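Here's the structure we're looking at; comments come further down.
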Amino acid sequence: MISSVVIVGGGTAGWMTASYLKAALGEQIDVTLVESKKVSTIGVGEATFSTVRHFFRFLGLAEHEWMPECHASYKLAIRFENWREKGHYFYHPFERPRGVQGYSLADWWLQLRPSDRYDRDASVLAALCDAKCSPKYLDGTLFETDLLTGDGDLHRATPPAQATQFPYAYHFDATLLARYLTGYATKRGVRHVLDDVLDVRLDDDGSIKNVLTKEHGELVGDLFVDCTGFRGLLLNQALGVPFLSYQDSLPNDSAVALRVPVDVATRGMRPCTTATAQDAGWIWTIPLLDRLGTGYVYASDYCSPEEAERTLREFVGPASGDLPANHIRMRIGRSAQSWVKNCVAIGLSSGFVEPLESTGIFFIQNGIEQLVRHLPGGRDDEPLREAYNRQVGRVMDGVREFLVLHYYAAARNDNQYWRDAKSRQLPDGLAERIEQWRTKLPDEDSVYPYFHGFEPYSYTAMLLGLGGLPTRSLPVLGKLDDSEVVKEFDRVRRQADILVDRLPSQYAYLAHAAADRTSP
């Protein structure tokens, strides 16, 4: 049975892994994490989606404990700007559309077209993002507990059984989160070694025997976790596991990032990540409690690093000043297997499918959770490793397909980069699914068939927002009475108006929570 684990590499991936292993297995497992003082966190993975709340809950960490320490904020959606045309925006909200007469409001929206904005018509979150609202009242109560009554008023109630989806995620400073989890993990017995790894030594059977460090000598374990980022020091370099590139369908391979100090109290904080389309990619904007995290993700075949940095600084404006820019070369794709022999890769060494839709942290979380579920009794448990590799590979392949859809379905076509998006290689099966979606919106039977974090409603939000893929309403809806549907669309609008009026701003809530935390 595996009783000792050596994690090579710190950062978000390493310390999330160490913390989760200790929370899951406690004293039954010895965990050592070795990281170099010279290697810094990449820092593009500061946005998440809602499943990350499971991670903090499993660790027993309440929001008031970790969020202030990591300058964290709430995220209700992703705001896409200029993907259809310049000046246009829409949201991919963390909100399932309601149903009327057995059909989704998305289906009814295609039939009735209450306005030209599906996200506003079928979601309350779009209005909350526009108004920079917090998802919580000052007493900490989540807005989802407010249910709309027949007359349009709101009252506090227990959420219905169907409200199983978490309606928000987080933004946080990845460096501060790694630091916070360092304290969490070491207090629970994780051995922290600050040292440089000089060599990875293999056993006669090809498994890892030990890692040799500069000052602490050999580190030995039953299982080695590769958290060395794009280098893939253990899995790819030492064990020679091949890397499967996604570049044929996702050409963005570079990024340049800035950390921009801002007066958040004056500026306010939208509770969403913003992805603003550019001539060779897109720029992310992530609001934190003390700054903006922003960066330009681009394809080097269409844009040079100098052009990308200039574009980003012009986008930020005078606040970019003399801020140092962090240039990153991204490895887009995944390792052919993430677990080979006694080595498992977590994070960027396992795979990465560019920052769009904030899946980097999700890949880390999924890899860790699956590691615990598939933990073998010994080196001969190959079926467990094979099952792990299937699940992790399918998750990344599914995310790849979802992201390819963003570019393919975008109406924007004003330069070669965006025109090429319509002719790039589509992953197997996606072309057939796209043809189905032209006449019937995505559902459980027509999206990528394996779990990858995105439900059919996310595909629908993107298709109806991007505007580049014509879709038709279901013919049967024209034969049904739509009076209740009209009332439901009106109910969504009234509920959104009331919530915007009642909820505090995100900044006001976070400032209030921080004050409560420090008050005697």
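Listed values, structure above:
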| item | result |
| --- | --- |
| Among the residues listed as Phe90, Phe58, Phe49, the single one being among the aromatic types (Phe, Trp, Tyr) and touching a Ser or Thr at 6+ places or on another chain (Cβ under 7 Å) | Phe49 |
| Pick from the stretch 44-61, criterion over 9 Å from the mean Cα position of the chain (by Cα) and either modelled with pLDDT of 95 or more or of a type in the set (A, V, I, L, M, F, W, C) (or both), ranking: surrounded by the most Cβ atoms within 10 Å (Cβ to Cβ) | Val44 |
| Near pairs, Cβ below 9 angstrom, 6+ apart or cross-chain, from the stretch 6-35 (on the phi > 0 side of the Ramachandran plot) to any residue that is among the charged types (D, E, K, R) and in a helix (DSSP H, G or I) | Gly9/Arg231 |
| Residue in the stretch 58-69 that is over 25 Å from Gly293 (Cβ atoms) and in contact with a strand residue (DSSP E or B) (Cβ under 6 Å, 6 or more places away or on another chain) present | no |
| Selection from the stretch 97-141 of residues that are without any contact (Cβ under 8 Å) to a residue 60 or more places away in the chain, surrounded by fewer than 18 Cβ atoms within 10 Å (Cβ to Cβ) and in contact with a Pro (Cβ under 6 Å, 6 or more places away or on another chain) | none |
| All positions within the stretch 390-417 that are buried (at least 19 other Cβ atoms within 10 Å of the Cβ) and hydrophobic (A, V, I, L, M, F, W, C) | Val392, Val395, Met396, Val399, Phe402, Leu403, Val404, Leu405, Ala409, Ala410 |
| Residue satisfying condition, being more than 23 Å from Phe352 (Cα to Cα), of a type outside the set (A, V, I, L, M, F, W, C) and touching a Ser or Thr at 6+ places or on another chain (Cβ under 9 Å), within set Asp482, Asp443, Asp414 | Asp443 |
| Single unsatisfied condition, His64 versus (1) within 26 Å of Tyr509 (Cα to Cα); (2) crowded, with 18+ Cβ neighbours inside 10 Å | (2) |
| Leu21 being in contact with a helix residue (DSSP H, G or I) (Cβ under 9 Å, 6 or more places away or on another chain), part of a helix (DSSP H, G or I) and under 23 Å from Leu194 (Cβ atoms) | yes |
| Unique match (being surrounded by 16 or more Cβ atoms within 10 Å (Cβ to Cβ), over 26 Å from Phe80 (Cβ atoms) and not β-branched (Val, Ile, Thr)) among Asp482, Asp516 | Asp482 |
| Flag if Phe90 is under 20 Å from Phe454 (Cα atoms), modelled with pLDDT of 95 or more and in a helix (DSSP H, G or I) | no |
| Of all residues making up the stretch 467-520, the number that are under 28 Å from Leu289 (Cβ atoms), aliphatic (A, V, I, L, M), assigned to a helix (DSSP H, G or I) and under 28 Å from the mean Cα position of the chain (by Cα) | 8 |
| Residue check for Ala127: more than 25 Å from Tyr408 (Cβ to Cβ), over 20 Å from the mean Cα position of the chain (by Cα) and in a helix (DSSP H, G or I) | yes |
| Extreme residue, farthest from Gln436 (Cα to Cα), among residues of the stretch 465-520 that are charged (D, E, K, R) and touching a Phe, Trp or Tyr at 6+ places or on another chain (Cβ under 9 Å) | Arg502 |
| Enumeration of residues in the stretch 45-71 that are of a type in the set (Asp, Glu) and assigned to a loop (DSSP other than H, G, I, E, B) | Glu46 |
| Search result, residues across the stretch 126-146 that are more than 20 Å from Ala514 (Cβ to Cβ) and either among the hydroxyl-bearing types (Ser, Thr, Tyr) or at pLDDT 95 or above (or both) | Ala126, Ala127, Leu128, Cys129, Asp130, Ala131, Thr145 |
| Matching option when the condition is more than 23 Å from His64 (Cβ to Cβ), loosely packed, with under 13 Cβ neighbours inside 10 Å, out of contact with any helix residue (DSSP H, G or I) (no Cβ under 7 Å at 6 or more places or on another chain) and modelled with pLDDT of 95 or more, among Leu219, Leu198, Leu223 | Leu198 |
| Pick from the stretch 443-466, criterion not aliphatic (A, V, I, L, M) and not in a loop (DSSP other than H, G, I, E, B), ranking: surrounded by the fewest Cβ atoms within 10 Å (Cβ to Cβ) | Pro456 |
| Selected residue [touching a Pro at 6+ places or on another chain (Cβ under 6 Å) and under 27 Å from Ser134 (Cβ atoms)] from Phe58, Phe49, Phe94 | Phe94 |
| Candidate set from the stretch 256-299 (those that are of a type in the set (Val, Ile, Thr) and more than 19 Å from the chain's Cα centre (by Cα)); member that is nearest to Arg412 (Cα to Cα) | Val260 |
| In the stretch 1-28, residue surrounded by the most Cβ atoms within 10 Å (Cβ to Cβ) [restricted to those that are more than 19 Å from Gly60 (Cα to Cα) and either of a type in the set (A, V, I, L, M) or under 20 Å from the mean Cα position of the chain (by Cα) (or both)] | Ile7 |
| Extreme residue, surrounded by the fewest Cβ atoms within 10 Å (Cβ to Cβ), among residues of the stretch 261-276 that are among the β-branched types (Val, Ile, Thr) and at pLDDT 95 or above | Thr276 |
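Okay, residues lined up against (1) among the small types (Gly, Ala, Ser); (2) more than 26 Å from Gly281 (Cβ to Cβ); (3) in contact (Cβ under 8 Å) with a residue 40 or more places away in the chain:
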{"position": "Leu202", "(1), (2), (3)": "no, yes, no"}
{"position": "Lys214", "(1), (2), (3)": "no, yes, no"}
{"position": "Gly221", "(1), (2), (3)": "yes, yes, yes"}
{"position": "Val225", "(1), (2), (3)": "no, yes, yes"}
{"position": "Gly232", "(1), (2), (3)": "yes, no, yes"}
{"position": "Leu235", "(1), (2), (3)": "no, yes, yes"}
{"position": "Tyr246", "(1), (2), (3)": "no, no, yes"}
{"position": "Asp253", "(1), (2), (3)": "no, no, yes"}
{"position": "Val262", "(1), (2), (3)": "no, no, yes"}
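The values are calculated or read from the model by the stated rules, or taken from the named source; none is laboratory data. Everything quoted here is computed from the prediction, not taken from an experiment. Because the Cβ atoms are built from the backbone with ideal geometry, glycine has one as well, and the counts that use them run over all protein chains shown.
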